[in-house]
Amino acid sequence: MTFDPPDVLAVLRREERLDAVVADAGSDLETFERLMDWTRHQWEPGTPNPYPPLNARIILKDIRRGFTSGFCAQYNYVLAQSMMSLGYKARYVTLIDHEVIEAWLPAEGRWICLDPLYDAMYLDDKGRPLSVLEITLRVRSGAPPAPSPGCLEGAAEMEQHAFRQFAVWLRNDHISHPINFTDIERYKVHFRFDGEPVPDGLSTSYPIDLYPGF
């Protein structure tokens, strides 16, 4: 699995004053929350037409000048690249009709889901943010987790629909190693539930392949 290194994203970090966005954050989790909230407030969702490249600087520039707009995927690219500019690992995850990211939480050694379109995380009964796999297992069992307090309207409804299947992206380094947009499907690993079909391409039914220590 590949990620953009901070030096490649240094201009994004400087231009968007991301150090100020996360200043005085008390933990990595609070840093993630601040970056997600900042990302969601850069524009209101719209149709990305023309579709911008997978580059946060270009996305922000083109949306701000009214050339295009963006929805869940564009929020993801901005959030993930902002996080990677600060040295965190972030990976893209495709759901059903929706896109989110997962960020590696260093102190706990695990992935957690961030949904910037709804400014949401998804929490267990103790308020612990969950990974996409954990959310999906709970949704499929009929016990979906709660969206985080203060998230935007629609998160719970989207959770019920979107988090039933997912695919994790292996390539998350689109600035240092750009790829053709039409090749993206080649770099997704679909999680396969027993007896259920998945799209052609890479797949696994073993959680440990995508979630170390699960």
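For the list (1) more than 13 Å from Thr94 (Cα to Cα); (2) at pLDDT 90 or above, I need the number of the one condition that Asn172 fails.
Checking Asn172 against (1) more than 13 Å from Thr94 (Cα to Cα); (2) at pLDDT 90 or above, the one that fails is (1).
Given the structure, is Asp37 at pLDDT below 95, under 24 Å from Ile112 (Cβ atoms), open to solvent by 60 Å² or more (accessible area, probe 1.4 Å) and among the charged types (D, E, K, R)?
no
For the subset of segment 7-25 comprising residues that are open to solvent by 70 Å² or more (accessible area, probe 1.4 Å) and either of a type in the set (S, T, N, Q) or not in a helix (DSSP H, G or I) (or both), which member is nearest to Ile58 (Cα to Cα)?
So, considering only residues that are open to solvent by 70 Å² or more (accessible area, probe 1.4 Å) and either of a type in the set (S, T, N, Q) or not in a helix (DSSP H, G or I) (or both), the one nearest to Ile58 (Cα to Cα) is Arg17.
So, in segment 40-65, how many residues would count as being among the small types (Gly, Ala, Ser) and surrounded by fewer than 16 Cβ atoms within 10 Å (Cβ to Cβ)?
Total meeting the criteria: 1.
The values are calculated or read from the model by the stated rules, or taken from the named source; none is laboratory data. Note that this is a predicted model, so its numbers are computed, not measured. When we count neighbours, we look across all protein chains shown, and the Cβ atoms used for this are built from the backbone with ideal geometry, even at glycine. We work out accessible area using only protein heavy atoms, side chains counted, and drop any ligands, DNA or RNA first. Shrake-Rupley method; radii C 1.70, N 1.55, O 1.52, S 1.80 Å.
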